[in-house]
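Right, one structure below, let's go through it.
Just so it is clear, none of the values below were taken in a lab; they were calculated from the coordinates. What you see is a predicted model, and the numbers here were worked out from it, not measured in a lab. Here Cβ is always computed from backbone atoms with ideal geometry, including for glycine, and neighbour counts include all displayed protein chains.
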Amino acid sequence: MAQTITDRRDVQFVLYEQFNIETLSKSPKFKGLNKKTYEMVLSEARSLATKEMLAISPEGDQEGCQFENGKVKMPESFHRAYNLVREGEWIAVADDPEVGGQGMPQIIATSVMEMFQGANVSLALFFVLGHGAGKLIELFGTKKQKELYLEKVYSGEWGGTMALTESGAGSDVGALITSAKKNSDGTYSITGNKIFNSCAEHDFTENIINPVLARIEGAPAGTKGISLFVVPKIWVNDDGSLGEPNDVVCTGIEEKIGIHSSPTCSMTLGGKGNCRGTLLGEENKGLNAMFHMMNEARLAVAIQALGGASASFLYAVNYARERLQGKHLTQSRNPDASPVAIIEHPDVRRMLLWMKAQVEGNRSLNYYVAMCMDKAEIAENDEEKERLNDRISILTPICKAYTSEKSCEVCTMGIQVYGGYGACREYPMEQLLRDCRISTIYEGTTGIQSMDLLSRKIGMKKGKPFKELLEEMQSTVAEAKNKPGLEDIAVQMEGTVTRLLETALHLMQKMPSNISAAFAQSYPFLEVCGDVVIGWMLLWRASVASSALSKLLGDKDEEKRKELLKKNKDAAFYDGQIQTARYFINSMLPETVGKMSAIKNMEAAPVEITEAGFGG
Amino acid sequence: MAQTLTDRKDVQFVLFDHLNIEELTKGKKFEDLNKKTFEMVISEARSLATKEMLPTSADADQEGCLFEGGDVKVPESFHRVYDQIKKGEWIAVADDLEVGGQGMPEVISLAVLEMFHASNSALAGFPMLGHGAAKLVEIFGTEQMKKLFLQKMYSGQWGGTMLLTEPNAGSDVGALETTATKNSDGTYSVQGNKIFISGGEHDLTENIIHPVLARIEGAPKGTAGISLFIVPKIWVNDDGSLGEANDVICTGIEEKIGLHGSPTCSLTLGGKGNCRGFLLGGENKGIRVMFHMMNEARLAVAIQALGLASSAYLYSVNYARERLQGKSLTGAKDSPQVPIIQHPDVRRMLLWMKAQVEGNRSMNFYTAFCMDKVAITENEEEKEYLEDLIGFLTPICKAYTSEKSCQVCGQAIQVHGGYGACRDYPVEQLLRDCKITTIYEGTTGIQAMDLLGRKIGMKQGKPFKSLIKEIGKVTAAARKIPDLKDLAGRLDETLTSLTMTTMQLAQAAATPKVLEAFAHACPLLEVFGDVILAWMLLWRASAASTKLDKILGDADDEKKKTKINKNKDAAYYHGQIQTARYFINSVLPGTIGKMNAISNIEAAPVKITDAGFGG
């Protein structure tokens, strides 16, 4: 049967051939784990995703969530799948066994989540959010808070959320006005209205734990005066038993373009003056704590988008193999020629290859970041740890923004491959696009990520992390230069990396005197960074594949090689890696270089044009 | 009140300053018309679109069409508005008075259609399809057919469609299996199943006229054996009265990502053996006839997409002016929140959208304007020159405008942030409604093949050279304007690259590297689109520059700035120059990069094995 969601062979290639994650097992933390364990975990997750989560996704889209009297009802079929995820302990895959986790590397958790997201975004979000809330408590909670909440949140017995956004505080979180007032018993009374809270009300679990950002009375304005609180939907008594409802009321859910079974809630906290929370971390340090969660959430959104894109790509490939339409281009004047599968048409191949390059390149990028986390965990010295953390930090905005933007484009292209059928609900493609659409917005829009990259990440530590990243790319280039079939694209890549450094330096130099014009280039700059990172990842893949392919092909002549490529699935896979890199580096990167020239122009028109000049 | 459909000032500018369509009134065909008439027509259409069509759009999206027992109910609110479209005679704006048209130039008709689509694309589809079907009857029909159908179709009393697609004949129309058998009375019995038929069944009109592609028994395979038939839903007797139902049965409608108010029908013709049609335009000549309609339909789809993009842009500008969020990048620490239009990245998004909307508006209006010039010219050479340009531009209008419009709608969601994804705001519907435009009436891939496979090489490249010549005229003029000199130079350089890239790819297409060449057909179409947009925006900037100079006069820089900030017209003209600057300096370098990529003619898409795609 054709594969859906993620390509098993490709995932294995990334894990064991490109990144060689088995080396992680040398550390005490992952001792005892090996390829077999990983494969078992992934295979079980795949089975759950395919058989249970995917099957109910269209139904969830059609039915959506029902809001009535402050309650949110989930589609009936989702309950069973939610419980299966709980039973399988899929929420805390990469967390320590002592807090209820499976103790897997982050990169394995990422791969699991990619499948869950590819199968059913709406449902998978519950686990992302539950985990995020649990992590905050694990990292910043008191012993008591951990005792009360941790195990229940990580196990999925209780749900979790993150309550940041207010109607006047979206991208500008420092503008929030929800207030907190200390009570004599050490708790805080919380009052305010939050919007766009995913999964803040539903009927999966008896309780929901909301980490809430609020301002303690008298605290400074802006982000400096924000504190974080744990606000349960139902109060949790000191002995762990459930108390009274905590005056956390859902006042409505949004109707949205997609993720119809993910309730996007408006919440009123303390409308009757009875909402209490406990401080998480320290007073006025809320943003600090929240940033931890945000970084996790940003990578999770990238994986969400990637999962959707991966599913869209696989559906498109399968469809293109089956759909007969049009004659082969070389037979176009032959009235007796039969129609061919559309995968035979050059333009369809181009679309598929573009999708493949994006999906695989972004998969490598995001898995790479997860592996850096794993390596940082087991790093033996602080220097190495810092280097890895810096790498994660510089790549996070690129993962969030680039992967989500390109994934939406992949889903759009997936519709195009299907032609008219792509726009119809009978086929999965249009839902994949609709479900993906929000990923460029929440957890920090593409614009916010671009500002983060340009204003904080590139220049941090005098540009050391950025330069080290480029050096890492050049060492991949150096290796690829010696591989058959990759010499020319390695050279092309080398030049492009050098151009990226020049572009970044140019932008950094001009920024102090032209700050607005420079920031008008922030997304174009993030995009070229993303392109180059994808080029790097694809070249890295091709380099590994080239060695593997040479082994398979041996000294065979051209004719026999061709035959082997057709017959041997592995050979076709490896060759496909080389073709993908060739395509991306020869057909996409020249445009990236052009975009770098555009950035260097630093055209001031976006700043110069008057507001009235926009018309309307 | 803020505008929401198309920018009035911008439409006026394109018509009267940029393209100067008043010159058409020198032609006999349009001699009774003038700027005032044009503006009146547009203004009435705007009023209808804004007051009637727009308010029913969101409801129709929610309500959709209902299919029951072979009948299709369109959203209730559409009935009243459709009647107003009929009464206002909005279906045949650019058609001759004697067939019931308003006799306006095509370019005016396009401006009207853009507003209709911007306000309610699902509803605007009905008059658009009705017009296309009627046009076929007008051009290819017998006197009797014209008498029976034409007036009723152009007036909207009866609806119209186009029945091409079958489950196994989509992009490959030559694969169709619907059959026709000649009857003794000269009519043909038609039998087959058609899918994806927009407006194939509905309750807006008492009758629907279907132009149907079918193969007469014994006709050759492929497109050479296709004929076109006029198949009414209800048979029309010789005296014009309605007869029996004609065995055209709707078997279902699609649930789609967008255009929920537009029924996409599956139709069974002659399921009971009782479906009859009239041959239109000769046996086996169907494709030639249909191509006429297809070209019209392709431009209409471009305008549909453009209308949606225009609306998405205006909503975004309005939202960005009102939404307070974040401090000014250059503001002091405790400065208040500012409207997001002050953030550089939001301005970049808006300016990109503006460049796309305005550039594509100019390109499509220009193409229509060429049609109007064809209609009034008496010089055969000029006529051919213009027709070549139209033929060359049509696939670019269809593919580029639809692709970019979808991106504009996507960007509009982004400007709205989280609200953009919510149904409470209009932009997510605009994206959903726009999505089909890159697919129907020939996908982007099909248009790109048309460009590379037919249009570029036709007449030894004459149409292509004509296009380059026209662009050259604008850059030559812009070089004389100090503020635009650098932009003109850049565009000229880009033109040189475009010519080289095009020739290189066209040559490759004529060699055994044909598959590799066609793997670059879409990228080639895209760079053509980019260059044409730059041409249009520079042309606009030139016209605007003259106007701006008049307003600013000899004032010093400080006073000029004040004027630009205070005077709405000055701000508009200044905005035209900034838009051209942005596009040519910030977008076009990427286009040159794309040309370099095409020149590589990378073979990977052809070389990769089918298994190598995985899955």
Protection proxy ranking of B:507-513, A:602-608, A:305-311, A:223-229 - average other beta-carbon atoms within 10 Å, highest first: A:305-311, A:223-229, A:602-608, B:507-513
So what is the relative contact order of the range A:458-604, in percent, for Cα pairs below 8 Å that sit 6 or more residues apart? 32 percent
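Tell me what chain A gives for mean residue ellipticity at 222 nm when only DSSP H runs of n ≥ 4 count, each as -39,500 (n - 2.57), the sum divided by the residue total, rounded to 500 deg cm²/dmol. Write out the running numbers ahead of the final one.
Working: 21 runs with 313 residues, N = 616.
Estimated from H runs of four or more residues: -16500 deg cm²/dmol.
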Select from A:Y427, A:S546, A:G132 the residue farthest towards the positive end of the dipole of the protein assembly as shown; place +1 on Cβ of Lys and Arg, -1 on Cβ of Asp and Glu, and compute about the Cα centre. A:S546
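Taking N as the number of residues in the range A:1-117, what value does Rg over Cα atoms divided by 2.2 N^0.38 Å take?
Rg over 2.2 N^0.38 Å, computed on Cα atoms: 1.24.
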Long-range share for the range B:360-468, i.e. C-alpha pairs more than 22 Å apart as a percent of all pairs, stands at 46 percent
Of the options B:G472, B:G553, B:W535, report the single residue whose Cα projects farthest towards the positive end of the charge dipole of the range B:457-554 (beta-carbon charges: Lys, Arg +1; Asp, Glu -1). B:G472
What does the charge dipole of the range B:437-520 about its Cα centre add up to, to the nearest 20 debye, if the Cβ of each Lys and Arg holds +1 and the Cβ of each Asp and Glu holds -1? 400 debye
If you average the alpha carbon positions of the range B:459-500 and of the range B:331-366, how far apart do those two centres end up, in angstrom? 27 Å
Crossing angle, helix B:521-552 versus chain B [Cα axis fit, 0-90 degrees, rounded to tens]: 50 degrees
Kindly write out, for the range B:104-119 in residue order, the coupling ³J(HN,Hα) from the Karplus curve 6.51 cos²θ - 1.76 cosθ + 1.60 (θ = phi - 60°), rounded to whole Hz, with x marking Gly and Pro. 7, x, 4, 5, 6, 4, 5, 5, 5, 4, 4, 5, 4, 5, 4, 8
Proxy exposure order for B:F67, B:F16 (fewest C-beta within 10 Å first) is B:F16, B:F67
Hey, what did chain A get for relative contact order, percent, Cα under 8 Å, at least 6 apart? 12 percent
Given charges of +1 on the Cβ of Lys and Arg and -1 on the Cβ of Asp and Glu, with all other atoms neutral, how large is the dipole of the protein assembly as shown about its Cα centre, in debye to the nearest 20? 2300 debye
Scale the Cα Rg of chain B by the rule-of-thumb value 2.2 N^0.38 Å and send over the ratio, two decimals. 0.99
Which Cα, out of B:L308, B:G69, B:M503, lies furthest along the positive dipole direction of chain B (beta carbon charges, K/R +1, D/E -1)? B:M503
At R0 = 30 Å, FRET efficiency that the Cβ-Cβ distance of A:N482 and A:K562 yields, to 0.05: 0.80
Grab the DSSP H runs of chain B that are 4 residues or longer, score each as -39,500 (n - 2.57), total them, divide by all residues and round the 222 nm result to the nearest 500 deg cm²/dmol. -17000 deg cm²/dmol
Taking beta carbons within 10 Å but only from partner chains, what does the mean come to for residues A:335-347? 5
Going by alpha carbons, how many degrees (0 to 90, nearest 10) lie between the helix axis of A:558-567 and the longest principal axis of chain A? 40 degrees
List the relative contact order of the range A:335-475 as a percent without decimals, with contacts defined as Cα pairs under 8 Å and 6+ residues apart. 22 percent
What translational diffusion coefficient, in µm²/s and rounded to a whole number, does the Stokes-Einstein relation yield for the protein assembly as shown at 37 °C and a viscosity of 0.692 mPa s, taking the hydrodynamic radius as the Kirkwood radius over Cα pairs? 104 µm²/s
Rounded to the nearest 10 degrees, the helix A:35-48 long axis (Cα) sits at an angle to the longest Cα principal axis of chain A of 70 degrees
Any idea what diffusion coefficient the range B:202-316 gets from Stokes-Einstein, in µm²/s, Kirkwood Rh on alpha carbon pairs, 10 °C, 1.306 mPa s? 95 µm²/s
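Which of rounded, prolate or oblate describes the range A:159-288 when judged by the alpha-carbon gyration tensor and an a/c cut-off of 1.5?
Oblate, since a/c reaches 1.5 and b/c is not below a/b.
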Taking amide hydrogens as modeled 1.01 Å from N in the peptide plane, which residues meet the under 5 Å criterion relative to B:H210, leaving out close sequence neighbours? B:V231, B:K233
Search the structure for amide H atoms under 5 Å from the amide H of A:S198, placed 1.01 Å from N in the peptide plane, and list their residues when 5 or more places away or on another chain. A:M162, A:C265
Tell me, Kirkwood radius of chain A from alpha-carbon pair distances, in Å? 25.6 Å
For the range B:494-503, take each phi angle, set θ = phi - 60°, evaluate the Karplus expression 6.51 cos²θ - 1.76 cosθ + 1.60, and give the result in whole Hz per residue in order, putting x for glycine and proline. 5, 4, 4, 4, 4, 4, 5, 4, 5, 5
Using just the alpha carbons, could you tell me how many Å³ per residue the convex hull of the range A:442-540 encloses? 93 Å³
Assigned charges on the beta-carbon of Lys, Arg, Asp, Glu; the range A:164-318 dipole about Cα centre (debye): 420 debye
Please compute the Kirkwood hydrodynamic radius of the range A:458-604 from all pairs of different C-alpha atoms, in Å with one decimal. 16.6 Å
Taking beta carbons within 10 Å but only from partner chains, what does the mean come to for residues B:438-447? 4
Could you give the Stokes-Einstein D for the range B:1-136 in µm² per second, using the C-alpha Kirkwood radius, 25 °C, 0.890 mPa s? 153 µm²/s
Report P(r) for the range B:7-79: all Cα-Cα distances, bin width 5 Å, range 0 to the bin holding the largest distance, values in whole percent. 3, 13, 15, 15, 11, 10, 9, 10, 8, 4, 1
